[in-house]
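First the structure, in the form of structure tokens, and then the observations on it.
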Amino acid sequence: MPIARCIAARAVLSLSCAATLIGSPQAPSAPILQQPQTIPLWPNGAPGALGDEDGDKPSITIYMPSNTSGRMTAVIVAPGGSYAHLSMNLEGREPANYLNALGLAAFVLQYRLGPRYHHPIQLGDVQRAIRLVRSHAGEWHLAGDRIGIMGFSAGGHLASLASTRFDAGDAVAGDAVDRVSSRPDFAILAYPVISFAEAWTHQASKKNLLGDDPDPALARSLSTDTQVTAQTPPTFLFHTSADTTVPVDNSIHYFLALRAAGVPAELHVFKEGRHGSGLGLQDPALAEWPALLANWLRSSGFLARFD
């Protein structure tokens, strides 16, 4: 065969093969990270660490839904425990599994605790977690503009701190993670601690975070209902009137602050229910609040996926 005809034949064959590939449906990509994986927030050690024990090494545990195609919404979950311990199952793993069932990626945060660590260490941990998740958005199939924070009790206080104290990142930072924003795109607060300056303050959380005799001005500044602005992210709140540990006044005052600032917010207060109930799955009445949360996420556009 002449050289010109041979080249032409090969070109036709190549175009035919390309057309076949373009027209063929693509095989779905395999789900990623299907087993929970724990990674440190700082691979080379956390700033301000006082030792080398597990409690000195803040981390996130990654929980992915079975379908990880498209760009998913992500939620960083901060368990409660009065800033002295972490309720990792009831307020960490179980909410992560529920979020996965909704098709969301979840990241359970292990932050450093008092009285060994005081503010601003915990705030630094949650800000780093938000930056870390957002910096991996491409690799983990996440939408970088739909990174939320969920917190229970003292973890709710930490989530509200992250919602009211954030920055756009340091563009010239040597660590690429520190170059991205620490602002959450939405917040979910379950029976949160909010104020450190009122009669209904949860004193144990205040003491563990700030020490025995904190500066009143600092306590006031960390009362997050006083720090809400128009830039605070949309927020969903759940509480019960019967909560005697962290009174419902905390959620009510935060909701009113959000409303005054023009921030979209939704508050659900149940008549009965103890503090620390998690998703409330053992209580037929409280078990409704996760469904209300799902409705809010859907109506707010956080359950949609984009390729």
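Structure notes:
- Failed item in (1) in contact with a strand residue (DSSP E or B) (Cβ under 8 Å, 6 or more places away or on another chain); (2) modelled with pLDDT of 95 or more; (3) among the charged types (D, E, K, R), with Asp307 passing the rest: (2)
- Scoring Asp167 on the criteria (1) touching a Lys or Arg at 6+ places or on another chain (Cβ under 7 Å); (2) among the acidic types (Asp, Glu); (3) in contact (Cβ under 8 Å) with a residue 12 or more places away in the chain leaves a single failure, condition (1).
- Just one of the listed residues (Ile130, Ile188) is closer than 26 Å to Ser221 by Cα, of a type in the set (Val, Ile, Thr) and not in a helix (DSSP H, G or I), and it is Ile188.
- Screening Ile149 on (1) more than 27 Å from Pro115 (Cα to Cα); (2) among the β-branched types (Val, Ile, Thr); (3) in contact (Cβ under 8 Å) with a residue 12 or more places away in the chain shows it passes everything except condition (1).
- Condition check for Ser153: within 30 Å of Leu281 (Cα to Cα), among the hydroxyl-bearing types (Ser, Thr, Tyr) and within 13 Å of the chain's Cα centre (by Cα): no
Matching residues to (1) among the charged types (D, E, K, R); (2) open to solvent by less than 30 Å² (accessible area, probe 1.4 Å); (3) in contact (Cβ under 8 Å) with a residue 60 or more places away in the chain:
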| position | (1), (2), (3) |
| --- | --- |
| Ser223 | no, yes, no |
| Val263 | no, yes, no |
| His268 | no, no, no |
| His275 | no, no, yes |
| Gly278 | no, yes, yes |
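- Residue check for Arg183: closer than 16 Å to Pro58 by Cα and outside any helix (DSSP H, G or I): no
- Flag for Ala101 being touching a strand residue (DSSP E or B) at 6+ places or on another chain (Cβ under 6 Å) and either crowded, with 23+ Cβ neighbours inside 10 Å or small (Gly, Ala, Ser) (or both): no
- When Gly169, Gly144 are screened for being outside any loop (DSSP other than H, G, I, E, B), open to solvent by 10 Å² or more (accessible area, probe 1.4 Å), farther than 25 Å from Asn250 by Cβ and small (Gly, Ala, Ser), only Gly144 passes.
- Looking across region 208-219, the residues that are over 18 Å from Ser153 (Cα atoms) and either among the acidic types (Asp, Glu) or part of a helix (DSSP H, G or I) (or both) come down to Asp212, Asp213, Asp215, Pro216, Ala217, Leu218.
The values are calculated or read from the model by the stated rules, or taken from the named source; none is laboratory data. These numbers come from a predicted model, not from an experiment. No Cβ is skipped: glycine too gets one built from the backbone with ideal geometry, and neighbour counts run over all protein chains shown. Ligands, DNA and RNA are excluded from the accessible area calculation, which covers all protein heavy atoms including side chains. Shrake-Rupley method; radii C 1.70, N 1.55, O 1.52, S 1.80 Å.
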